[in-house]
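What follows draws every value from the coordinates through simple rules; no lab data is involved. This structure is a prediction, so every number in the text was calculated from the model and none was measured. Neighbour counts are summed over all protein chains in view; Cβ atoms, including those assigned to glycine, are modelled from backbone coordinates with ideal geometry.
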Amino acid sequence: MQTLDEASQKCPQCCCSCTTPFFNSTISSRNTTAKLRNSSAEWRHSFAVTTTSSIFPNTQFTNHESLPSLHESFNEFNKVFPQYSDTEQVDYVRAKDYFHLSLSSQTCLDYIGIGLFSCSQLQHPDSSKGQLPSSSVPQTPQFQPNCSDAPFFSIHSKTGSLKTLLLHGGQDSEFEGAMRKRIMSFLNISENDYFIVFTANRTSAFKLVADSYQFQTSRRLLTVYDYESEAAEAMISSSEKRGARAMSAEFSWPRLRIQSK
């Protein structure tokens, strides 16, 4: 077995023009792949180096009294990372549509699996129209009574079995039927091939998958979550009750790649 360098040295002059580009393209492809894999780690390393070397460099903090004020630290941070001011658009969205959280002294860190509605969604549809201004974050708007009466972190759901609804269908309300048709039209799928079931949250959706899957033919269930997930735990519990053998993928630190062995 010869290496690429040995093969290129022993290759006749007439064929070097044929083989060398292939070798170069292979090496270039590998380098590109490695560069892409290392990009996220390089960005994290660069951020850490820039932060420690630019914000209060060569400064030792011996106790809490020696720490700079929040205002001073924030100004220094903005000098080093001026692009951070672009996130003011996010602050604007919160001030405009989720100001009821601030008024009630509540903070929602993860609202993917639960129903957190904005005030504009709970009011008249026309009130949510408008463009995001390019100016700084505006003042919190006046609190609306109809928004204060609405639940922050919950939605109304119908009683009944989701599995039965999935297998045999059910009676839709006018709103549900219109929503289902609009989603299926957007996804360009046919009602003859697919059926949509609305769930209250992600946990209900994951459990529905476990309750409906035919574990008689394949009993293995592999989850690939690198964090604790209530929805995944509900799916695993329901699957094991139906005879499934649940396994969780293992990840390698620090890039959190799935271990193949």
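Structure values in brief
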{"read-out": "By average C-beta atoms within 10 angstrom, highest first, the peptides 227-238, 243-254", "value": "227-238, 243-254"}
{"read-out": "DSSP-assigned coil residues among trypsin sites (Lys or Arg not before Pro) in segment 60-120, each with at most 13 further Cβ atoms within 10 Å", "value": "none"}
{"read-out": "Gain in span if fully extended, residue 94 to residue 222, counting 0.36 nm per residue against the direct Cα distance", "value": "42.4 nm"}
{"read-out": "C-alpha center-to-center spacing [segment 227-261, segment 46-96] in angstrom", "value": "37 Å"}
{"read-out": "Environment charge of residue 184, counting only residues whose C-beta is closer than 12 Å and scoring Lys/Arg +1, Asp/Glu -1", "value": "+1"}
{"read-out": "Shape call, segment 162-258: gyration tensor on alpha carbons, a/c limit 1.5", "value": "prolate"}
